[in-house]
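Input: a single structure, listed below in structure tokens.
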Amino acid sequence: MLGSSLLYQIMIIGEASNHLTANLQACYPEVEWIDMIGMRNRVVHAYFGIDEEIVWNAVTEDIPRLRLQMAKILAAEFPDEPETESATPAAT
């Protein structure tokens, strides 16, 4: 069940990335937009070809980094909005 939940969240991240404008993506080349979109496509279309190790690495390594990147992008794109605690990574 947890695996399904993780895959669903990866699909949402990839789908959302795919709906961002090319201009916005170009402003933040450090974000791996194409990889996120590709991962979404793989999850959606390769039901039995999903490598669990790749998914786990994405969840434990890539997504925490992405969360930091998104917090910076949101702060840059919406400077007048108050920072929410959910955008700030939890201390580990």
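Nothing in this text is a laboratory measurement; each read-out follows from the coordinates by a stated rule. Note that the structure is a prediction, hence the values are computed from the model and not measured. Virtual Cβ from ideal backbone geometry, glycine too; neighbours counted across all protein chains shown.
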Return the FRET efficiency for the residue pair A76, S5: r is the Cβ-Cβ distance, R0 is 22 Å, and the value is rounded to the nearest 0.05.
-> 0.15
Once both label points are put 7 Å beyond Cα along the C-beta direction, the R67-E83 separation in nm becomes 1.5
State the extension gain, in nm to one decimal, for the chain segment bounded by I12 and D51, taking 0.36 nm per residue of separation less the distance between their alpha-carbons.
-> 12.2 nm
Column: log10 I(q)/I(0), Debye, Cα scatterers of the chain, q = 0.14, 0.24 Å⁻¹ | -0.56, -1.33
Ranked M39, M70, criterion: other C-beta atoms within 10 Å, fewest first = M70, M39
Highest mean packing first, using Cβ neighbours within 10 angstrom, the peptides 51-60, 27-36 sort as 27-36, 51-60
